[in-house]
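Structure, as structure tokens:
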Amino acid sequence: MKIMKLNSFGENMYDLIKKLYPICRSITGDGVRDTLKIISTDVPIKVKEVPSGTEVFDWVVPKEWNIKNAYIENSKGEKIVDFKNNNLHVVNYSVPVRKTVSLKELKEHLFSLPDHPDWVPYRTTYYDKNWGFCLSHSQLLNLKDEQYTVVIDSSLEKGSLSYGELLIKGTLTEEVLISTHTCHPSMCNDNLSGIAVATYLAKYLNQTENRYSYRFLFIPGTIGSIIWLALNEKKAKNIKHGLVLTGVGDSGSITYKRTRRGNAEIDRVTEYVLKNSEDNYSVIDFYPFGYDERQYCSPGFNLPVGTFMRSPHGKYPEYHTSADNLKFIRPEKLDDSLQKIKSVINILEENKTFVNLNPKCEPQLGKRGIYGAMNAVGEEKAKLQMAILWVLNLSDGSNSLLDIAEKSNCGFDLIKDAITILLKNSLLKEI
Ligand code: ZN
């Protein structure tokens, strides 16, 4: 099977991640806008703004959060924890604070990782008005019993939630959805990797002629997909296949999480690509936890959207910590993820169904010059001939190209070649 390895975009994607890494993102605010602005230099996404307070199914778009500065100062006036060094130091969505506190009170607002004493955890408080700081456990153990000044110069006000959307029109109105979350601050695998791979996939599809239309969503996790589905219920019906992209830059092998349906075309195509890739991979069934697949696969939508990742979220120690940094991801893994997704799309584009126009006994291939028309020789020629016989036999209108490739074991590309020859000889028709 053709894994398209013509160009490697690993370094380009890694460079994009380097640019986005320092930005403090959240589910709303200027960090997301800055991120979308950088993405839009590569692909023409439209930035949408949804006002705070907008009701979307059972949810309400939250107030917009922005932050300028945050720190903890000891009694000597030394900044011992500083947002400017690492934006993970502030619990994301912390309300503004400026006060002096005892060590005991401070500790109620501190988060660390005892098992990884040098790492800073990532914590959020989106829907619960609170404040806090994250720091390394070794630093927490060294805090003296004294008074501390805590400052969080943030704002939580009526504003809007921003997301990016791009529709690349194909000949069909039926769509392939690519969705990735943009709400995490300085962490690379989760989810700058998803953003970078989605951006380079969009860049590629923007230059090719496509059968399907492709919709890219760069959205904050959970609330973003709920907003899109609530505001675009009709359009959602056009989604025939979809992938959520997350954690696609670490050195683990690919994990594919099936759609809620479990046997959708996207499930079969992705599994086919992975099986034929000669790399390790795993496939897991849908479960209602994870990222935006939870919303796309909620029972009221049940869209055929799977999740494409490398190491699954929560299954690697660096997950949601400062150790998910630029060293944790690798350009060649980003590229491998991109190439495999391109292969999935390539098959989706080609996976049509045909009908044999001469179904009563085998057509006489020799008199049509089909054997001569094959450019292959020897073993290759025999394989192609076998593929032609499989296509003729299985093209009764109920088998797609992928069905034939799987049943015959001939390989997708060879079946495609056989179909091209039979179409030229008017022995097949696409239905
Ligand atoms: Zn996450």
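Numbers at a glance
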read-out: Every residue from segment 161-200 that is open to solvent by less than 20 Å² (accessible area, probe 1.4 Å), among the small types (Gly, Ala, Ser) and away from the ligand (no atom under 12 Å from the Cβ); value: Ser162, Gly164, Ser179, Ser186, Ala196, Ala198
read-out: Subset of segment 7-52 (residues that are among the aliphatic types (A, V, I, L, M), closer than 16 Å to Leu88 by Cβ and part of a loop (DSSP other than H, G, I, E, B)); value: Ile23, Ile27
read-out: Members of segment 225-252 found to be under 14 Å from Thr307 (Cα atoms) and away from the ligand (no atom under 16 Å from the Cβ), listed by number; value: His241, Gly242, Leu243
read-out: Search result, residues across segment 127-147 that are buried (at least 17 other Cβ atoms within 10 Å of the Cβ) and either in contact with a helix residue (DSSP H, G or I) (Cβ under 9 Å, 6 or more places away or on another chain) or among the hydroxyl-bearing types (Ser, Thr, Tyr) (or both); value: Phe133, Cys134, Leu135, Ser136, Leu140, Leu143
read-out: Residue within segment 138-155 that is within 15 Å of Pro185 (Cβ to Cβ) and in contact (Cβ under 8 Å) with a residue 24 or more places away in the chain present; value: yes
read-out: Tyr291 being within 16 Å of the ligand (Cβ to nearest atom), open to solvent by 10 Å² or more (accessible area, probe 1.4 Å) and assigned by TED's automatic domain parsing to the domain that holds Glu332; value: yes
read-out: Some residue of segment 295-302 being assigned to a helix (DSSP H, G or I), within 16 Å of the ligand (Cβ to nearest atom) and closer than 15 Å to Leu177 by Cβ; value: yes
read-out: Check on Leu392, of a type outside the set (Ser, Thr, Tyr), modelled with pLDDT of 95 or more and in contact with a strand residue (DSSP E or B) (Cβ under 9 Å, 6 or more places away or on another chain); value: yes
read-out: Qualifying residue in segment 253-276 (condition: in contact (Cβ under 8 Å) with a residue 60 or more places away in the chain, crowded, with 19+ Cβ neighbours inside 10 Å, within 16 Å of the ligand (Cβ to nearest atom) and within 19 Å of Thr180 (Cβ to Cβ)); value: no
read-out: Positions within segment 307-339 being open to solvent by 10 Å² or more (accessible area, probe 1.4 Å) and away from the ligand (no atom under 16 Å from the Cβ), in sequence order; value: Leu326, Lys327, Arg330, Pro331, Glu332, Lys333, Asp335, Asp336
read-out: Tabulated pairs, segment 389-410, first closer than 13 Å to Leu428 by Cα, second among the hydroxyl-bearing types (Ser, Thr, Tyr) and in a helix (DSSP H, G or I), C-beta under 8 angstrom, 6+ apart or interchain; value: Trp390/Ser408; Leu394/Ser408
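Listed here are the residues, each with its yes/no results for (1) farther than 28 Å from Pro121 by Cα; (2) in a loop (DSSP other than H, G, I, E, B).
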{"site": "Leu192", "(1), (2)": "no, no"}
{"site": "Tyr200", "(1), (2)": "yes, no"}
{"site": "Phe216", "(1), (2)": "yes, no"}
{"site": "Ala230", "(1), (2)": "yes, no"}
{"site": "Lys235", "(1), (2)": "yes, no"}
{"site": "His241", "(1), (2)": "yes, no"}
{"site": "Asn263", "(1), (2)": "yes, yes"}
{"site": "Glu278", "(1), (2)": "yes, yes"}
{"site": "Phe289", "(1), (2)": "no, yes"}
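The values are calculated or read from the model by the stated rules, or taken from the named source; none is laboratory data. What you see is a predicted model; the values in this text were computed from it and never measured. Because the Cβ atoms are built from the backbone with ideal geometry, glycine has one as well, and the counts that use them run over all protein chains shown. Remember, those area values only see protein heavy atoms, side chains included, never the ligands or the DNA or RNA. Shrake-Rupley method; radii C 1.70, N 1.55, O 1.52, S 1.80 Å.
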